[in-house]
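Each remark here refers to the structure printed beneath this line.
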Amino acid sequence: MVRGRISRLSVRDVRFPTSLGGHGADAMHTDPDYSAAYVVIETDAEDGIKGCGITFTLGKGTEVVVCAVNALAHHVLNKDLKDIVGDFRGFYRQLTSDGQLRWIGPEKGVVHLATAAVLNAVWDLWAKQEGKPVWKLLVDMLCAQALKDGWTRFKVKVGADLQDDMRRCQIIRDMIGPEKTLMMDANQRWDVPEAVEWMSKLAKFKPLWIEEPTSPDDILGHATISKALVPLGIGIATGEQCHNRVIFKQLLQAKALQFLQIDSCRLGSVNENLSVLLMAKKFEIPVCPHAGGVGLCELVQHLIIFDYISVSASLENRVCEYVDHLHEHFKYPVMIQRASYMPPKDPGYSTEMKEESVKKHQYPDGEVWKKLLPAQEN
Ligand SMILES: C[C@H](O)[C@@H](O)[C@@H](O)[C@H](O)C(=O)O
Ligand SMILES: [Mg+2]
């Protein structure tokens with residue numbers, strides 16, 4: 001488990017006098033002293049584990065890199081390791097977008113060598129805390145934690161680049177094995193023939209469904225896609241951008257979908273969602289809500305539990321999307337145990353946000369935006 005706040009960063013100039021023997025010399029670098037700017041980061045966790053990072057330098061050059069590391073240190077200090085690795089992409093961007101330091105890069109030269117030393121230390125720390133070599137940490141990152149937590153169904157985004165989709169689907173299928181469910185989501189990227197063609201190529205990864213293969217308004221297009229893909233064992237899922245119950249009715253009548261995705265915040269609240277649940281029951285189409293976003297999981301769990309108890313009375317082919325994101329801002333966040341939603345017990349619709357979260361994130365006057373907006377304006 002990732003733990004601790006980064007409490008100390010030190011950097012040392014470590015040089016080996018290799019120039020004495022001419023080791024490593026080349027046509028340009030005739031007197032290299034192989035060196036490293038050596039970064040050590042420590043946390044306030046009790047385990048005493050330290051992260052070590054280096055960048056490779058040649059002798060005197062190290063002095064300059066050490067300065068750059070010190071100049072970057074404030075981005076790392078006092079950060080929770082959990083927050084860093086939880087949004088490593090964002091953290092990387094933060095480090096490489098330092099408004100003043102990036103001028104002497106950007107993302108190259110001294111400042112980038114320093115970035116590498118710092119980030120290498122972060123990776124080292126993280127992998128040590130997890131008790132794994134970095135390669136294993138990387139290999140295990142995809143679905144492994146989710147598998148460990150008991151999740152049996154996984155969704156992958158597709159539609160931007162076929163070769164890349166094939167590569168990622170292969171990795172995921174290999175990790176989850178043939179039994180677990182894989183779903184794909186194209187977020188409306190294709191036209192109708194393209195959806196059929198693309199998904200025929202991805203069929204070998206045995207997806208349960210392709211979600212939003214094309215425009216959410218194209219009811220007959222969904223029907224055509226459905227006709228072509230169902231024989232390949234792929235169902236059509238849609239609904240997160242379905243604007244009202246009438247569209248759902250037409251999708252159902254046109255046999256355009258095999259999985260219906262209600263959305264607690266796009267349809268007219270509980271009321272309209274109930275009518276869609278009932279229609280889905282009439283057509284014997286499983287409801288598999290869209291969730292994630294902000295609070296969608298919190299809300300939709302109420303609807304899907306109602307569906308199970310009072311409408312469909314079935315779990316067959318039914319899933320409720322879950323994304324582990326932003327729940328901490330809610331007063332009654334969803335509870336997930338062993339990959340399942342636990343029925344909420346607090347009165348209400350689980351919609352109440354924590355006042356401090358609202359205050360902080362209120363746009364444009366909340367603390368978070370006050371900090372961000374001037375930075376963005378400059
Ligand atoms: C922009 C959003 O995150 C979508 O990518 C998301 O709703 C997605 O389609 C989903 O099914 O969760
Ligand atoms: Mg989707």
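The condition (being assigned to a loop (DSSP other than H, G, I, E, B), open to solvent by 10 Å² or more (accessible area, probe 1.4 Å), farther than 19 Å from Asn187 by Cβ and away from ligand 2 (no atom under 16 Å from the Cβ)) is satisfied by just one residue among Lys204, Lys255, Lys227, Lys281: Lys255.
Please indicate, with yes or no, whether at least one residue in the range 11-27 is open to solvent by 60 Å² or more (accessible area, probe 1.4 Å), assigned to a strand (DSSP E or B), in contact with a His (Cβ under 9 Å, 6 or more places away or on another chain) and modelled with pLDDT of 90 or more. Reasoning before the result, please.
Within the range 11-27, the subset open to solvent by 60 Å² or more (accessible area, probe 1.4 Å) is 12-13, 15-17, 20, 23, 26-27.
From what is left, the residues that are assigned to a strand (DSSP E or B) are 12-13, 15.
This time we only want the ones that are in contact with a His (Cβ under 9 Å, 6 or more places away or on another chain), so: none.
Checked the range 11-27: no residue is open to solvent by 60 Å² or more (accessible area, probe 1.4 Å), assigned to a strand (DSSP E or B), in contact with a His (Cβ under 9 Å, 6 or more places away or on another chain) and modelled with pLDDT of 90 or more.
Is it true that some residue in the range 45-54 is over 20 Å from Val110 (Cα atoms), open to solvent by 90 Å² or more (accessible area, probe 1.4 Å) and assigned to a helix (DSSP H, G or I)? Looking through the range 45-54, none of the residues is over 20 Å from Val110 (Cα atoms), open to solvent by 90 Å² or more (accessible area, probe 1.4 Å) and assigned to a helix (DSSP H, G or I). Filtered by the rule that a residue be within 16 Å of ligand 1 (Cβ to nearest atom) and either of a type in the set (D, E, K, R) or more than 11 Å from Met183 (Cα to Cα) (or both), the range 193-213 gives Ala195, Glu211, Glu212, Pro213. Counting only helices (runs of 4 or more DSSP H) that sit completely within the range 120-190, those holding 1 or more residues that are modelled with pLDDT of 90 or more and out of contact with any strand residue (DSSP E or B) (no Cβ under 9 Å at 6 or more places or on another chain) correspond to 162-176. Every condition in (1) at pLDDT below 95; (2) out of contact with any Leu (no Cβ under 9 Å at 6 or more places or on another chain) holds for Lys249 except the one numbered (1).
Looking at Arg189, Arg153, which one is farther than 20 Å from Arg318 by Cα, open to solvent by 10 Å² or more (accessible area, probe 1.4 Å) and within 16 Å of ligand 2 (Cβ to nearest atom)?
Working: Arg153 fails: farther than 20 Å from Arg318 by Cα.
One residue alone meets the criteria, Arg189.
Working only within the range 1-54, note down all residues that are acidic (Asp, Glu) and more than 20 Å from His112 (Cβ to Cβ). Explain how you work it out, then say what you get.
At the first step, the residues of the range 1-54 found to be acidic (Asp, Glu) are 13, 26, 31, 33, 42, 44, 46-47.
Matches in the range 1-54: Asp26, Asp31, Asp33, Glu42, Asp44, Glu46, Asp47.
The values are calculated or read from the model by the stated rules, or taken from the named source; none is laboratory data. Everything numeric in this text was worked out from a predicted model, so none of it was measured. Note that we place each Cβ from the backbone using ideal geometry, even for glycine, and neighbour counts take in every protein chain shown. Accessible surface is based on the protein model in full, side chains and every heavy atom, while ligands, DNA and RNA are left aside. Shrake-Rupley method; radii C 1.70, N 1.55, O 1.52, S 1.80 Å.
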